[in-house]
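We did not get these values from a lab; they are worked out from the coordinates using the rules stated. Small disclaimer: the values here were computed from a predicted structure and weren't measured. Every residue, glycine among them, receives a Cβ derived from its backbone with ideal geometry; neighbour counts consider all protein chains shown.
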Amino acid sequence: MENCCLHPRQWRGRRMHRITADWSRSLGKSSLTVRAMDCVTSTAVLSLLLGCVGVFSLFKLLRCLRMKARLQDAVVVITGATSGLGRECAKVFHAVGAKLVLCGRNREALGQLAKELAASRASEVQTHTPRMVTFDLADTGATVAAAAEILQCFGHVDVLINNAGVSYRGTILDTPVDVDRRVMETNYFGPVALTKALLPSMVQRRRGHVVAISSVQGKISVPFRSAYAASKHATQAFCDCLRAELEQHGVAVTVLSPGYIRTNLSLNAIAADGSRYGVMDETTAQGRVPADVARDVLAAVAKKKEDVVLASLAPSLAIYLRTLAPALFFRLMASRARKEQKPKDS
Ligand SMILES: NC(=O)c1ccc[n+]([C@@H]2O[C@H](COP(=O)([O-])OP(=O)(O)OC[C@H]3O[C@@H](n4cnc5c(N)ncnc54)[C@H](OP(=O)(O)O)[C@@H]3O)[C@@H](O)[C@H]2O)c1
Ligand SMILES: *[C@@H]1O[C@H](CO)[C@@H](O)[C@H](O)[C@H]1NC(C)=O
């Protein structure tokens, strides 16, 4: 009732005062509560986050283990196992317990690798003694005969890794078509013949996996590599058809397109006159370590990826540029060709 004696303005003032006091008191209490609740929520959110990360990592680890387990005891054929990437692939697939059929032309080099694999007993899984089949991919008859030999090794093939290949360095103007044919025989017709010879058995079992080691140059063409880029483009095209046609038969297809790898590829490349190029290109020398690329190959095969580019930012962007801004890409390649003049290093 005291309020009635007050002037309305005073009354309003007091009421305001009381309200503010109540409010600040409750605010004091609630800010404590809010802080406590904040603490609880942030702890909860943090543990939820950590939990998620934990579950996710565990899930990834399990998936990785399961995928590697899928390759345990799988029959894996690797062409070009005598050197570079193929050799490193042999090591990683052997370590996860695959039954390997190692292919190449050099029997001695294959034997050396088999000995090395036998000596590396560091793996926790049961490993298998690899078999060896030697043949020249440029010889279709020999390749078809080799396919029969490959099938006899373990009775069937689960994964065929078409890795063997030869590179080329030269100007189109100076290169006779015979040289183009040689590159195509090794990089394209050989793997196609081998694949076709092994496919019926895969289709019959409704199981199988064909893997191609292509190249970034299967997606974009760089000057002075015409025959090589053409063979890799052809590989990509063949595999894309193969994937579509064989899906209904339970056979998977993976195309891997690496950038530069530190191997003997440029040393072993064919020059315009058909001779061995014999130069270690700087780009190749600075490329990725083959063992690292082999681990990426293993992961892609285990996950049955369809198409993987294993390259750094610049080549990956170049692939997009070729599609999205072809005129710009062509101008860049022409300027590169002008600068290089000779098919030396690129
Ligand atoms: N290095 C790179 O920068 C790079 C980049 C992208 C893609 N790649 C690709 O990676 C794959 C492996 O090459 P790499 O770099 O490891 O080169 P590499 O060290 O020269 O190995 C090539 C392999 O292919 C085999 N080979 C060559 N011609 C053959 C033939 N006519 N018949 C049967 N086997 C043959 C060789 O074995 P024999 O000599 O015992 O026959 C050798 O094992 C190739 O397909 C290549 O195109 C390489
Ligand atoms: C390159 O060739 C040499 C000689 O044949 C060999 O010793 C070496 O292991 C090869 N390098 C790779 C990465 O395969």
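Observations, loosely collected:
- Normalised by 2.2 N^0.38 Å, where N counts its residues, the alpha-carbon radius of gyration of the chain equals 1.54.
- Among 75-82, 50-57, 167-174, sorting by the average number of other beta carbon atoms lying within 10 angstrom of each residue, highest first, gives 75-82, 167-174, 50-57.
- Sites Leu328 and Asp296 - FRET efficiency at Förster radius 22 Å, r taken between beta-carbons, to 0.05: 0.15
- Extension gain for the segment Gln72 to Gln341, taken as residue separation times 0.36 nm less the Cα-Cα distance, is 91.9 nm to one decimal.
- Helix 190-205 axis, angle to the chain major axis (alpha carbon atoms, nearest 10°): 70 degrees
- With Cα atoms, 0 to 90° folded angle of helix 84-95 axis to the chain main axis: 70 degrees
- Calculated [θ] (222 nm, deg cm²/dmol) that DSSP helices of n ≥ 4 give over the chain, each run adding -39,500 (n - 2.57): -19000 deg cm²/dmol
- The alpha carbon radius of gyration of segment 249-346, expressed as a multiple of 2.2 N^0.38 Å, is 1.30.
- C-alpha long axis of helix 313-324 to longest principal axis of the chain, angle in °: 90 degrees
- When each of Lys60/Lys99; Lys115/Lys219; Lys60/Lys232; Lys115/Lys305; Lys232/Lys304 is checked by Cα-Cα distance, pairs over 29 Å: Lys115/Lys219; Lys60/Lys232; Lys115/Lys305
- Taking label positions 7 Å along the Cα-Cβ direction at both Gln286 and Ser57, the computed distance is 3.6 nm, reported to one decimal.
- Rounded FRET efficiency, nearest 0.05, which uses the C-beta distance separating Leu50 from Ser221 and R0 of 56 Å: 0.70
- When you restrict to C-alpha pairs under 8 Å that are six or more residues apart and normalise by the size of the chain, the relative contact order lands at 15 percent.
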